Amino acid sequence: MFLDGDGWRAFFDAMEHDAWRLETLPAYAMPQEDNAVRRFLAGEPVGPADTAAWTARLRGYRESGRRVGRVHVLTRPLTDYLRFEFAYYRHSVGAGEDVRILDLTDRPNPGLPDQDFWLFDDSRVVLMNYRADGTQINRQVHEGDPTPYAEWKRLAVAESVPFLEYVKDHG
């Protein structure tokens with residue numbers, strides 16, 4: 001099954017306890033971000049208006065006792081897109097998202113897949129499929145065993161550092 005639009009939103013919002021994401025790409029080509037990325041690269045800051053929809057959802061999840069988190073796996077130097085995303089993450093963290101960074105610049109991958117995914121309640125998986133340039137192909141519900149994804153989540157969280165700690169150390 002593939003998810004988009006209202007179906008994706010309903011699937012996401014149906015989480016009972018938590019939603020967690022593994023991000024593996026150095027850049028994503030998301031049409032809804034094009035203007036904000038362009039402005040950021042022209043020297044404008046990422047402001048609350050750019051993140052309002054997502055941070056409002058994060059606050060709503062938090063107020064209902066649910067959590068959202070992610071680990072972004074990366075290597076330095078940061079791409080222009082990652083610099084933009086880091087500016088965006090500051091707002092997400094402020095709204096309660098647990099954003100973490102796993103920097104593989106000077107170390108081997110601890111065993112994580114190259115596949116982006118969302119894991120909901122450690123029991124439902126949505127594979128985030130992208131082209132090499134970061135353009136999203138689709139969101140596909142994984143019908144198999146979620147156990148490896150829960151283990152990858154555990155590993156990624158254990159091997160990563162909180163976003164604010166990472167930017168303090170790496171600018």
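The values are calculated or read from the model by the stated rules, or taken from the named source; none is laboratory data. None of the values given here were measured: they were computed from a predicted structure. Here Cβ is always computed from backbone atoms with ideal geometry, including for glycine, and neighbour counts include all displayed protein chains. We work out accessible area using only protein heavy atoms, side chains counted, and drop any ligands, DNA or RNA first. Shrake-Rupley method; radii C 1.70, N 1.55, O 1.52, S 1.80 Å.
Surface calculation, 1.4 Å probe, protein heavy atoms: Phe2 sits at approximately 130 Å² accessible. Taking the Cα centre of the range 102-171 as origin and assigning +1 to Lys and Arg Cβ atoms and -1 to Asp and Glu Cβ atoms, the resulting dipole is close to 140 debye. Computed from the Cβ-Cβ distance with R0 of 45 Å, the FRET efficiency linking Thr135 to Glu63 stands at 0.85. Per-atom-type breakdown for the chain gives carbon and sulfur 52% of the accessible area (1.4 Å probe, protein chains only).
Here the calculated FRET efficiency for Arg38 and Arg107, from their Cβ-Cβ distance with R0 = 35 Å, stands at 0.55, rounded to the nearest 0.05.
Taking all protein chains into account, the per residue accessible area for the range 1-68 stands at 59 Å² (1.4 Å probe). The charge dipole of the chain, taken about its Cα centre with unit charges on the Cβ atoms of Lys, Arg (+1), Asp and Glu (-1) only, comes to about 340 debye. For the set Ile137, Ile101, solvent exposure ranked by accessible area (probe 1.4 Å, protein chains only) runs largest to smallest as Ile137, Ile101. Of Phe11, Phe163, the order by accessible heavy-atom surface (1.4 Å probe, DNA, RNA and ligands excluded), from most exposed downward, is Phe11, Phe163. Rolling a 1.4 Å probe over the protein heavy atoms leaves Trp54 with an accessible area of roughly 40 Å². Each of Thr79, Thr147 has its accessible area taken with a 1.4 Å probe; listed largest first, they run Thr147, Thr79. Could you work out how far the C-alpha centroid of the range 42-101 sits from that of the range 124-171, in angstrom? Between the Cα centres of the range 42-101 and the range 124-171 lies a distance of 14 Å. The residues of the range 75-134 expose on average 44 square angstrom of accessible surface per residue, using a 1.4 Å probe on protein heavy atoms. Among Ala150, Ala158, Ala95, the largest mean-square fluctuation in a Gaussian network model of the chain (Cα springs under 10 Å) belongs to Ala158. Placing unit charges on the Cβ atoms of the charged side chains and taking the dipole of the range 1-74 about its Cα centre, the candidate lying farthest along the positive direction among Tyr28, Ala42, Tyr61 is Tyr61.
What you get for the range 81-121, charging only the Cβ of Lys and Arg (+1) and of Asp and Glu (-1), is a dipole of about 200 debye around the Cα centre.
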